[in-house]
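**Student:** Encoded as structure tokens, here's the structure I'll be asking about.
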Amino acid sequence: MLETLAFPQIEDLQSNIIFQQDGKPPHWSLEMRKVLDEKFPRHWIGRAGPIPWPLKSPDITPMDFFLWRYIKNIVYQSPIGDTDELKSQITAAIQTVDSALLHG
């Protein structure tokens with residue numbers, strides 16, 4: 001999902017971004033850390049990352065409270081019929097996120 005949806009939208013900004021990773025088991029795989037090392041060399045926060053951060057740190061959870069709530073409010077404005085529609089709605093919602101929203 002990151003490679004398909006998120007990374008293309010932040011490609012031009014990657015030199016100015018520090019990526020926050022929550023360290024949950026599915027997000028902590030060797031493959032995931034390799035991808036983050038390639039996309040954000042020395043610029044990602046997470047368990048066993050170049051910028052260490054404790055699991056479930058209160059400083060890393062704003063994404064849980066802000067971004068995902070924002071995306072869910074857009075995605076679930078109307079009932080979702082199937083997986084393809086859900087993917088489409090998520091993609092459309094992510095595309096509404098801009099730097100002004102994230103810095104606001």
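**Student:** For the stretch 51-72, give me each residue that is farther than 19 Å from Met1 by Cα and either modelled with pLDDT of 80 or more or in contact with a Leu (Cβ under 6 Å, 6 or more places away or on another chain) (or both).
**Tutor:** Ile51
**Student:** Anything in the stretch 74-96 that is of a type in the set (Asp, Glu) and open to solvent by 90 Å² or more (accessible area, probe 1.4 Å)? List them, or say none.
**Tutor:** Asp84
**Student:** Leu101 - would you say it is closer than 18 Å to Ala6 by Cα and modelled with pLDDT under 85?
**Tutor:** yes
The values are calculated or read from the model by the stated rules, or taken from the named source; none is laboratory data. If you're wondering where the values come from, they're calculated on a predicted model, not measured in any experiment. Counting neighbours? That spans all protein chains shown, and the Cβs are built from the backbone with ideal geometry, glycine included. Heavy atoms of the whole protein, side chains included, go into the accessibility calculation; ligands, DNA and RNA do not. Shrake-Rupley method; radii C 1.70, N 1.55, O 1.52, S 1.80 Å.
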